[in-house]
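All remarks here apply to the structure that follows.
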Amino acid sequence: MSNADEIRWQQRFINFEKAMAKLEAACAVDEYSDLERAGLVKTFEFSFELAWKTLKDLLFYEGYEEKTPREVLRRAFEAGYLDDAATETVLDALDKRNLLSHTYDEDAAAEAVGLIKNRFAPVLRAILTRLKEKRAST
C-alpha cells in the first residue's frame, strides 16, 4: 500500500490515543451526575469508533478492504491484533451500542457505566497498546 495509507492509520491512531486518555479520565470518576454519565457514554462511543476505524485503516494499509465494524473486528482477530476475549468483548460492545445510548433510563444508565468501566474501556486500552506496539515496529 501507499505511504499515504500508512500515514492515515497512524494519524487515526494519534486521535484514538487522545480519545482513550479522555475515556480513562472519565472512567476514573466514582460517581456521576446525569450530565457526567452522558459524557462518559459519549466519550466511550467516540473512542470505540476510533478503535475500529484505526484497525480498519491499518488493515487497509496491510491489504484488506473490510467495510463494516464487524468485518473489521473479525479481520483484526485473524490478523492477530485482537485475541479471542477482546474480539468477543468488542463485538458485544458493538451490539450494545443501543443500550449505551439510552442513558436516560436510570437502570440502563447504571448498566452502561458498569459495562464501559469494567469491560469495554479495558479492552479498548488493550487494542491501543497492541496498535502502539505495531506503530513502534513500523
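Couple of notes before you dig in:
- Descending principal axes extents, the chain, alpha-carbon based, whole Å: 47, 24, 20
- With q set to 0.21, 0.24, 0.32 Å⁻¹, the log10 of I(q)/I(0) for region 38-84, from the Debye formula over equal scatterers at the Cα positions, is -0.67, -0.80, -1.13.
- Per-residue ³J(HN,Hα) for region 73-88, Karplus 6.51 cos²θ - 1.76 cosθ + 1.60, θ = phi - 60°, Hz, x for Gly and Pro: 5, 5, 5, 4, 5, 4, 7, x, 7, 10, 8, 4, 5, 5, 4, 4
- Structure-based [θ]222 nm, the chain - -39500 (n - 2.57) summed over DSSP H runs of at least 4, per residue, nearest 500: -25500 deg cm²/dmol
- For GluC sites (Glu not before Pro), the sites in region 59-138 that DSSP calls loop and that have at most 10 other Cβ atoms within 10 Å are 65.
- Cα-based helix-to-principal-axis angle, 106-115 vs the chain, degrees rounded to 10: 40 degrees
- Karplus 3J(HN,Hα) series, Hz, for region 89-96 with 6.51 cos²θ - 1.76 cosθ + 1.60 (x for Gly, Pro): 5, 6, 5, 5, 4, 4, 5, 8
- The GluC sites (Glu not before Pro) of region 1-57 that meet both conditions, a loop assignment by DSSP and at most 10 other Cβ atoms within 10 Å of the site Cβ, are 31.
- Mean separation of Cα contacts under 8 Å, 6 or more apart, over the residue count of the chain: relative contact order %: 29 percent
- Equivalent-ellipsoid semi-axes of region 1-80, from the Cα gyration tensor, Å, largest first: 29, 13, 9
- The angle between the Cα long axis of helix 34-61 and the main principal axis of the chain comes to about 10°, on a 0 to 90 degree scale.
- Amide H contacts under 5 Å for residue 82: 77, restricted to partners 5 or more places along the chain or on a different chain, H placed in the peptide plane at 1.01 Å from N.
Readers should treat all values here as calculations from the given coordinates under stated rules, not as data from a laboratory. Only a predicted model underlies this, so the values are computations on that prediction, with no experimental measurement involved. Glycine gets a Cβ as well: all are built from the backbone with ideal geometry, and neighbour counts include every protein chain shown.
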